[in-house]
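The values are calculated or read from the model by the stated rules, or taken from the named source; none is laboratory data. Small disclaimer: the values here were computed from a predicted structure and weren't measured. Cβ placement follows ideal geometry from the backbone for every residue including glycine, while neighbour counts extend to all protein chains displayed.
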Amino acid sequence: MNTDKLFQEYFQIVPQALLELLQITPPCTYRYESPVVKSSERRMDGFLEPEVVGCPYYFVEIQGYLDPLIYWRGLHHVTRYHETRSDLDRKNWKLVILFLDQSYDPGSSTLGPLENGAEHWLISGILSDLLRTQSVVSPWLNVLLPLVAADVSEIQQLGAEWARSIQNAPKLGKRQRGNLIDLLIKFVMQRFVELPYKEIENMLKLTPIEETRAGKELIQIGIVQGREVGREEGREEGLEIGREEGLRAGIQAVLSIRFQPISTERMEQLLKLLIQIHDDETVAMLLGLSQKVESLELFEQKVAELIARR
């Protein structure tokens with residue numbers, strides 16, 4: 001998953017979260033965008049544009065690795081964007097650099113003489129420090145907590161509480177709450193990539209995770225990967241066989257996502273059973289079942305029953 005895109009989606013849903021995280025009291029409401037700087041064709045991580053004339057503009061960089069030139073790169077985006085927006089001339093603006101870890105901050109001293117004016121235009125912060133200094137954590141800021149969790153046990157202990165706070169947030173609409181829950185899931189997956197799929201569902205005490213947008217996206221990736229395998233097999237063995245191979249590969253990908261970890265031996269045994277089914281409509285039905293069945297055992301049982309009837 002692309003961390004920048006997750007943050008872009010997050011701040012578009014709740015743009016006030018960025019200013020609250022930085023403990024800035026905004027003079028007006030803002031909307032969050034990710035404009036492309038035409039002269040370089042590189043997309044900025046974010047841009048907060050005020051909805052009231054006279055309020056400052058905020059250029060945003062999310063930094064998840066050490067880049068000694070990050071402060072200069074941030075300034076580069078500011079200057080390039082100003083070249084495309086003459087209406088911003090002489091307007092008040094600020095640059096926000098949000099570091100995901102202390103070790104990623106090379107220090108504003110890299111700007112040399114410009115550092116002397118940092119207090120007027122530059123804002124930087126470390127995500128973990130910013131979250132710790134919040135006197136009261138708003139529900140939408142809980143979405144970011146998986147990124148600074150010490151270990152999986154913290155998600156196990158507090159994850160369900162974070163999810164409940166988002167679901168019960170009075171200032172958010174139903175759609176906003178649903179989108180933020182999806183982002184909470186994605187940030188958990190981003191932070192703990194080896195965490196079993198079903199375990200996240202249990203930790204956050206959510207509806208079956210495959211019914212969430214994040215879960216559906218992962219399953220769809222598995223299906224697409226399976227179809228790619230099918231196309232390759234189809235070129236070599238004929239379209240009908242290729243379609244069956246694609247469906248079986250899709251089943252394997254979906255089950256691996258939903259019920260990981262699955263041992264290699266167990267998956268090989270299941271594939272041996274699936275190969276015995278040559279009716280592509282039946283295999284397609286099993287692909288649909290793989291997305292809904294409650295356990296791997298029940299899926300294996302269904303496959304065995306189908307083979308026994310033949």
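Values as computed for the structure displayed
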item: Qualifying residues in the stretch 256-310 (those that are farther than 21 Å from Asn202 by Cβ and of a type in the set (Ser, Thr, Tyr)) - the one nearest to the chain's Cα centre (by Cα); result: Thr264
item: Any hit, the stretch 22-40, residues being at pLDDT 85 or above, in contact with a Phe, Trp or Tyr (Cβ under 8 Å, 6 or more places away or on another chain) and aliphatic (A, V, I, L, M); result: no
item: The stretch 128-184, residues that are polar (S, T, N, Q) and in contact (Cβ under 8 Å) with a residue 40 or more places away in the chain; result: Thr133, Gln134, Ser138, Asn142, Gln156, Gln176, Asn179
item: Residue check, Arg85 touching a strand residue (DSSP E or B) at 6+ places or on another chain (Cβ under 8 Å) and either surrounded by 14 or more Cβ atoms within 10 Å (Cβ to Cβ) or of a type outside the set (Gly, Ala, Ser) (or both); result: no
item: Any chance Tyr10 is of a type in the set (Ser, Thr, Tyr) and touching a residue at least 40 places away in the same chain (Cβ under 8 Å); result: yes
item: Cβ-Cβ under 7 Å pairs, at least 6 apart or on other chains, the stretch 257-279 side under 21 Å from Leu306 (Cα atoms), far side surrounded by 14 or more Cβ atoms within 10 Å (Cβ to Cβ) and among the polar types (S, T, N, Q); result: Met267/Gln252; Leu271/Gln252
item: Scan of the stretch 86-117 for residues that are assigned to a helix (DSSP H, G or I), farther than 20 Å from Met44 by Cβ and over 27 Å from the mean Cα position of the chain (by Cα), ordered by number; result: Ser109, Gly112, Pro113, Glu115, Asn116, Gly117
item: Scope the stretch 90-105; condition under 20 Å from Pro27 (Cα atoms), of a type outside the set (Lys, Arg) and exposed (fewer than 15 other Cβ atoms within 10 Å of the Cβ); matching residues; result: Asn92
item: Complete set of residues in the stretch 106-157 that are under 25 Å from Gly173 (Cβ atoms), in contact with a helix residue (DSSP H, G or I) (Cβ under 9 Å, 6 or more places away or on another chain) and either of a type in the set (Gly, Ala, Ser) or surrounded by fewer than 17 Cβ atoms within 10 Å (Cβ to Cβ) (or both); result: Gln134, Val137, Ser138
item: Residue count, the stretch 158-188 (criterion: outside any loop (DSSP other than H, G, I, E, B), among the aliphatic types (A, V, I, L, M) and surrounded by fewer than 18 Cβ atoms within 10 Å (Cβ to Cβ)); result: 2
